[in-house]
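Chemist: Below is a structure I'd like to ask you about.
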């Protein structure tokens, strides 16, 4: 496994070593010990989630606040997504900055998003199956978020706005300037 830094402080891309032969392939998806050695970050996860979505679905920007904050290790198991993290930690050197990466079933990349970040993704393929490893349990009362198309963030979701499909919750998230995180 290779770990690559991103322009956002404490966010990492995990690239597996893939072993292929005539039978198919094998790779180690995650190794807590290696992750912690290479990043210095906690790699203990307590909850795995899977979502399936159609082209144009945009989920985000979401976060868990306070004692229920979550770090996530995300990947795309089927299809292709544009995955985005936004640094919402006021004391961070990259506060208010975002970074996006295409995660696909083919590239098998994973994206580590630490606590204190907003997170979301848009589906670029006909369908996508998306996996989240979380280091803390979900708590509905601790939900927070930022409006997906906030002009202060100017996130490129790699989709025409006319194709974006949002949940009712994501339509009414607050603006970045409102700081509900």
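Derivation of every value follows stated rules applied to the coordinates shown; laboratory data play no part. Because the structure is a prediction, the values reported are computed rather than measured. As a convention, Cβ positions derive from the backbone with ideal geometry for all residues, glycine included, and neighbour counts pool all protein chains shown.
Chemist: Please arrange 57, 164, 81 by how many other C-beta atoms lie within 10 Å of their C-beta, fewest to most. All intermediate terms of the calculation are to be shown ahead of the outcome.
Modeler: Values: 57 22, 164 16, 81 31.
By the 10 Å Cβ count, ascending, the order reads 164, 57, 81.
Chemist: Over the range 45-178, what is the percentage of antiparallel beta bridges among all DSSP beta bridges, to the nearest 5?
Modeler: Values: 38 of 39 bridges.
Bridges in the range 45-178 are about 95 percent antiparallel.
Chemist: Calculated from DSSP H runs of 4 or more alone, at -39500 (n - 2.57) each and per residue, what is the 222 nm mean residue ellipticity of the chain, nearest 500?
Modeler: Working: 2 runs with 12 residues, N = 181.
Helix contribution divided over all residues of the chain: -1500 deg cm²/dmol.
Chemist: Determine the relative contact order of the range 1-92: mean sequence separation of Cα pairs under 8 Å and six or more apart, normalised by residue count, in whole percent. Walk me through the numbers on the way to the answer.
Modeler: Working: 52 pairs, mean separation 15.0, N = 92.
Taking the mean separation of contacting Cα pairs over the length of the range 1-92, I get 16 percent.
Chemist: Shifting gears a bit: If you average the sequence gap of Cα pairs under 8 Å that are 6 or more apart and divide by the length of the chain, what percent do you get for the contact order?
Modeler: Working: 409 pairs, mean separation 51.0, N = 181.
Once divided by the residue count of the chain, the mean separation gives 28 percent.
Chemist: Using Cα-Cα distances under 8 Å and only pairs 6 or more residues apart, what relative contact order does the range 64-152 have, in percent?
Modeler: Numbers: 178 pairs, mean separation 39.5, N = 89.
Here the relative contact order equals 44 percent.
Chemist: Starting with the fewest neighbours, write out 68, 175, 119 ranked by other beta-carbon atoms found within 10 Å of each beta-carbon. Don't skip to the answer; put the middle values down first.
Modeler: Values: 68 17, 175 14, 119 23.
Ranking 68, 175, 119 by Cβ neighbours within 10 Å, fewest first, gives 175, 68, 119.
Chemist: Let me ask something else about it. Order these by the 10 Å Cβ neighbour count, fewest first: 137, 30, 130. Kindly include the intermediate steps, with their values, before the conclusion.
Modeler: On the way: 137 11, 30 15, 130 22.
So the ranking, lowest neighbour count to highest, is 137, 30, 130.
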